[in-house]
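So the structure is just underneath, and the comments pick up after that.
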Amino acid sequence: NPLTLIIGYVRRMKEGADQAAQARHLDIIYRKALNLEHFTRDLRQLAQLEQVQLAYAYRDVPIHELYDSLQQTFDWELIDRDIQIRWHRLGGQQLKVHIDLQRIEQVFVNLVSNALVHTRSSEPITIYSRFYSFANAVVIAVQDKGAGIDHDDLKRLFERFYRAGLPAERSSEGTGLGLAIAKTIMDNHQGRIGVRSQLGMGSTFYFILRTETEGL
């Protein structure tokens, strides 16, 4: 709890910590305060999304535009990782999705960021899409070869505040709200978000959007 840590370090300073300790304490307090600000912002956004208080800018987006926009959400050359991107190009078939592109980008960024945080630098990450004509749906997935997720954790991953147990060296100061926000966005798109994972075998997070043929 960032607030508990902030109070604890302030108490130490009030009790007369030496100058060097005070400098360290102030640095920690500052970082925890930023974390708390991030947490509060995420919680407010989640509440607004769940109550549909944030407007969604839905429009018809061609599949190729969706792929291009997602690819531009990161400067991949600056990410010193083994990342492969494999978009399923559809040739002459023109498909579209009815989405708020900015919100879908937010879902995508969350999944990729989680994969980067929860895998080692030597572990590859694959981003790919698949189109399923029988279901009129496109699946966009982020697959890693990391530690995987325990079966008991899988059921709760998309709950607010829930964070699956991770080794200490991979822990982060996330808010535990990113996946809950992503799920709410997908629910409001009448889409789906999910995960397949096995402990020790890596994870694949994915989201599914309904497609339509352009011109119809």
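Values in this text are rule-based calculations from the coordinates and carry no lab data. Keep in mind that what you see is a predicted model, and the values were worked out from it rather than measured. All Cβ positions, even for glycine, are placed from backbone atoms using ideal geometry, and neighbour counts span all protein chains on display.
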Reach of LYS32 by Cα under 22 Å, taken over lysines that are not fewer than 8 positions away in the same chain:
LYS14
With bins 10 Å wide starting at 0, give me the P(r) of the stretch 1-47 over every alpha carbon pair, in whole percents.
28, 43, 20, 8, 1
Tell me, what is the FRET efficiency for SER121 and HIS64 to the nearest 0.05, using R0 = 30 angstrom and their Cβ-Cβ distance as r?
0.45
Fraction in percent of alpha-carbon pairs per bin - 10 Å, the chain
7, 28, 31, 20, 8, 3, 1, 0
Under a straight-distance cross-link criterion of Cα-Cα below 23 Å, which lysines are reachable from LYS96, leaving out those fewer than 8 residues away in the same chain?
LYS183
Just to check, using Stokes-Einstein with a Kirkwood Rh over alpha carbon pairs, what's the diffusion coefficient of the stretch 1-108 at 10 °C and 1.306 mPa s in µm²/s?
87 µm²/s
For the chain, the charge dipole (Cβ of Lys, Arg +1; Cβ of Asp, Glu -1; about the Cα centre) points to a positive end, and the Cα of PRO124, HIS189, THR40 closest to that extreme belongs to THR40
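Could you give the length gained by full extension between ALA137 and ASP82, i.e. 0.36 nm per residue of separation minus their alpha carbon distance, to one decimal place?
On the way: separation 55, 0.36 × 55 = 19.80 nm, distance 2.80 nm.
Length gained, ALA137 through ASP82: 17.0 nm.
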Once the piece of chain linking ALA21 and GLU214 is laid out straight, how much longer is it, given 0.36 nm per residue of separation minus the C-alpha distance between them?
63.2 nm
